[in-house]
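Nothing in this text is a laboratory measurement; each read-out follows from the coordinates by a stated rule. None of the values given here were measured: they were computed from a predicted structure. Because the Cβ atoms are built from the backbone with ideal geometry, glycine has one as well, and the counts that use them run over all protein chains shown.
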Amino acid sequence: MSPYITVIGTGYLGATHAACMAELGFRVLGVDVDQQKLAKLAAGELPFYEPELAELVARHVASGRLSFTDSYEHAAEVGDVHFLCVGTPQQPNTDGADLSYLNAAADRLAPGLQRPCLVVGKSTVPVGTADALTRRIQAAAPAGTGVEVAWNPEFLREGYAVADTLAPDRLVFGVQSPGGERALRDVYASLLAEGTPVVTTDVRTAELIKASANSFLATKISFINAIAELCEAAGADVVKLAEALRYDPRIGDRFLSPGVGFGGGCLPKDIRALLARANELGVGSALRFLDDADRTNLRARRRVVDLARQECGGSFAGRRVGVLGAAFKPNSDDIRDSPALAVAAAIQAAGAEIAVYDPQANDNARKHFPTMDIALSAVDAARGAHVLLHLTEWPEFAGADPAEFAAVAAERRIVDGRNTLDPARWQAAGWRFRAPGRPQLD
Ligand code: NAD
């Protein structure tokens, strides 16, 4: 009999994991504390935007294979494998990860456990968390239950979450016994049969694999943004430079796009949490470059604000700025630590009127930034603008006709904060084109 799976925390990660586990043929119970989210999911609807996921949730809710609850008692009773997918945000006043959601989930699940089961962490956590959770769960579970904790970190990308879950680059199984590994191999049997590479290791290494992967990616983006600063000072072109670097397979062609930098609910908090944990373990100095990566990233946002200010003639007072993009990346409605909205908010605070448009994140932007004008189309965001900023690289923006924007803007000045627009097209329509790391192109 195949294991009954529970997925605790049904946000971007958990809802995707739950639906994909149902797609692989398992009975799945999603558990959350957010009643609104649960009601939507139980009705077969998605409480956020993620391509392909809505259809998967609807299909498996309808088939009865996927259901949702707020009852930990029910989850503890039916589950053979419990995936922990709750958030691990940055703590309010330190760089470390806030593990309170994870601890709360463990505290509510453990007392109801009645038979041997595997609790599998998927959230991104500081090294040592699985060890602490093992002690916590074993202390709270009824004696002799036979519960084991494993770590199976998640590498999915928002915007490609379903494809990444059903066809991952690799799986990581951090386990404490051969039985733990066997249970994970059962869950992922169909992906393993397709040849998905798997790295089996101890829980601490598994935790660090995820933190290291994100730290590497963040560092790569900050590297090219640091080079962008150098290019600006030297009058060189970072876009051409990056194009040439990408041909080197040792460097690789991804995560080398100069611009406004990284954001979202993962990379910024994950590099800070890794450094904070390294400091606790007395090896912070070895990872000091992560602090530089973080600073370079925040400076990338400020440099886009500076470019916009220059285009406004040195001051934002009385100026109108149109912003294309609110999500932290395209194909998502996630605005957590979004560079686009951080830049927009800084410019608004400096005295400009702001109009933002995003193909999917308008509702989230309106909720979290109620004083910003949220436009109903990209062209509307440009209406009356003295400068237009391109801050989330949606395909819709790259394909847009610069002449349509020219017809409504107060001035034809654009800052491409993502370095993905075609300067020649915009210049042909009369726009002055600026972008971080590039010489002024007109
Ligand atoms: P999220 O905020 O979208 O989802 C977290 C969910 O947990 C929410 O629905 C929340 O209501 C729920 N929750 C909080 N406390 C709970 C509790 N006690 N019991 C049950 N549910 C509870 O966050 P996310 O983006 O899905 O991230 C979750 C984890 O996955 C984080 O550690 C993150 O770093 C990691 N991760 C995220 C991604 C991604 O692309 N979003 C990718 C890989 C890893």
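Listed values, structure above:
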item: Rg(Cα) / (2.2 N^0.38 Å) computed for the chain, rounded to two decimals; result: 1.05
item: Cut-off under 5 Å, modelled amide H: who pairs with G174 long-range; result: W151, N152, T201
item: C-alpha long axis of helix 100-109 to longest principal axis of the chain, angle in °; result: 30 degrees
item: Share antiparallel - DSSP beta bridges, the range 5-201, percent rounded to 5; result: 5 percent
item: Angle between the chain longest axis and helix 267-280 axis [Cα atoms, degrees, rounded to 10]; result: 60 degrees
item: Full-stretch length increase - S63, Y247 - with 0.36 nm per residue and alpha-carbon distance subtracted; result: 61.6 nm
item: Peptides 73-79, 187-193, 333-339 ordered by average Cβ neighbours within 10 Å, highest first; result: 333-339, 73-79, 187-193
item: Rounded tilt (10° steps) of 129-140 against the dominant C-alpha axis of the chain; result: 40 degrees
item: Taking the chain and dividing mean pair separation by its residue count, relative contact order in percent (alpha carbons under 8 Å, at least six apart); result: 12 percent
item: Across K37/K122; K37/K210; K210/K269; K122/K269, pairs whose alpha-carbon gap is larger than 18 Å; result: K37/K122; K37/K210
item: 5 angstrom amide H check on A385, placed H, neighbours 5+ away; result: A410, E411
item: Percent RCO, i.e. relative contact order, over the range 5-201, from Cα pairs under 8 Å lying at least 6 residues apart; result: 19 percent
item: Spacing of the two label points (7 Å from each Cα toward its C-beta) at K367 and Q427, in nm; result: 4.3 nm
item: Helix-only [θ]222 nm of the chain, DSSP H runs n ≥ 4, -39500 (n - 2.57) each, per residue, nearest 500; result: -13000 deg cm²/dmol
item: Percent RCO, i.e. relative contact order, over the range 335-442, from Cα pairs under 8 Å lying at least 6 residues apart; result: 19 percent
